[in-house]
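Notes follow once the structure below has been shown.
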Amino acid sequence: MKTEFCCDVCKRNITHESEISTGYGKDKEGNKICFDCCGYEDKAYMIQEGRIDLYLAKNEYGKYEVHNWPATLKIPCWVNKGSHNIAGSRYDAHFWFNQKVWHGVNYGENSQILHCRVTKRKMV
């Protein structure tokens, strides 16, 4: 399937070929944003809001990383696994972004959604 669109952020005309995706995301106003700009927009949102929902996954080397949906924002992290009274397991991820330490929580074994917030700790 071939999709052609103009990114509302960078104003590039993009042709995307894929059987599983359109090549763009949409913001709250319905603007089409190319995958590259999605990474920049997510970074800006993190700085402004101090929180974001991302994904926790292992990369090709078996190391954990935090990333956005199109994986144009990837941040290495360290993870501790614990137990949870309802979900069974809980993953606590910590990572550095914008010279601050962030903390994310993922519940259960059937989801990659990571609820992230900035902490008061700063990089030394």
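Here are a few things to note about the model shown:
- Pairs spanning more than 32 Å between alpha-carbon atoms, out of K32/K122; K2/K81; K11/K120; K11/K81; K32/K81; K2/K74: K32/K122; K2/K81; K11/K120; K11/K81; K32/K81.
- Projected-area average for region 1-49 over all orientations - Cα convex hull basis, square nanometres: 3.6
- The long axis of helix 35-49 is offset from the longest Cα principal axis of the chain by roughly 50 degrees.
- 10 °C / 1.306 mPa s Stokes-Einstein diffusion coefficient of the chain, Kirkwood radius on C-alpha pairs, µm²/s: 100
- Mean sequence separation of contacting Cα pairs (under 8 Å, at least six apart), scaled by the length of the chain, corresponds to a relative contact order of 16 percent.
- Contact order normalised by residue count of region 1-49, Cα under 8 Å, 6+ apart, percent: 29
- Given in Å, the Rg to one decimal and the Dmax to the nearest whole number for the Cα atoms of region 48-93 are 12.1, 34.
Bear in mind that the values in this text are calculations on the coordinates, not laboratory data. Predicted model only: the values in this text are computed from it and were never measured.
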